[in-house]
Amino acid sequence: MVDAIENRQCIRRHLSLTDGATRLEAADHYAVLRVGDDTLSQTFGPSQRMLLVGAGQLSQSLAELGLAMDYEVIVTDPRERMLAQWDGPRVTLVDGMPDDAVRELADDPHSVIITLTHDPRIDDMALMEALESKAWYVGALGSARTTEKRLERLRALAVPPEAVARLHAPVGIAIGSKTPIEIAISIMAELTQLRRARERAG
């Protein structure tokens, strides 16, 4: 079980309520605790990981909420000055290229990736990798107009249509949010809504 969790995989434990025998099996996703007539089944797995691309003020607000909701938060930004002025909660800060960070840190079904820099040179690089990763959620900050231009660029960069269709943009639920904390709340609300729907479906 420990090996599975360390490798960011889920594992399911079945306990016989009649004789106490246990059985382990690999699981594709989390599932709610189930108690049958003679078996209890429980799924164990890694923490949900949130990779934020961009170390600005919105990332700081989103990191606060993510930590409060039990996400493991990682912030990446290729701009050293942005990482140097990070004033948010204590999280892992990663410099370097965003596509490398996506590939190395968030390419699994228990990760979400959100681009927040407003700089196409950074966000698009991350999204090209993220949209074809195993991450269950990929979102990008921006207005409807910015989003349409982003989608055009991704298509021009030969990102497959089915991958482009995975993008949640503009990111978050439309609640009329304006300030960083309001936008962060809208993003966490969307993540919660989709995550619970996945759990029910599983």
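Throughout, read-outs are computed from the coordinates displayed, never taken from laboratory work. These numbers come from a predicted model, not from an experiment. In this analysis, Cβ positions are derived from the backbone assuming ideal geometry, glycine residues included, and neighbour counts consider all displayed protein chains.
Observations on the structure shown:
- Distance cut-off 15 Å, percentage of C-alpha pairs in the stretch 2-44 lying past it: 41
- Taking GluC sites (Glu not before Pro) across the stretch 97-151, none is in a DSSP loop with at most 10 further Cβ atoms lying within 10 angstrom of its Cβ.
- Shape of the stretch 10-80, Cα gyration tensor, a/c cut at 1.5: prolate
- Using a Förster distance of 25 Å, the FRET efficiency for L93-I5 (Cβ separation, nearest 0.05): 0.55
- Range in the chain, longest, excluding exposed trypsin sites (Lys or Arg not before Pro) [loop by DSSP; at most 10 other beta-carbon atoms within 10 Å]: 1-89
- Cα gyration tensor, the stretch 79-135 - rounded (a/c under 1.5), prolate or oblate: oblate
- Based on alpha-carbon atoms, the Kirkwood radius and the radius of gyration of the chain give Rg/Rh equal to 1.03.
- For H168, the residues 5 or more places off, or on other chains, whose built amide H falls under 5 Å of its own are V138, G139, A140.
- Under 5 Å between amide hydrogens, built in the peptide plane, is the criterion, and for V94 it picks out V75, T76, D77 among residues at least 5 positions away or on other chains.
- Positive minus negative residues near G66 (Lys, Arg vs Asp, Glu; Cβ under 11 Å): -2
- Per-residue Cβ neighbour counts within 10 Å put M188, M50, M1 in the sequence M1, M188, M50, beginning with the fewest.
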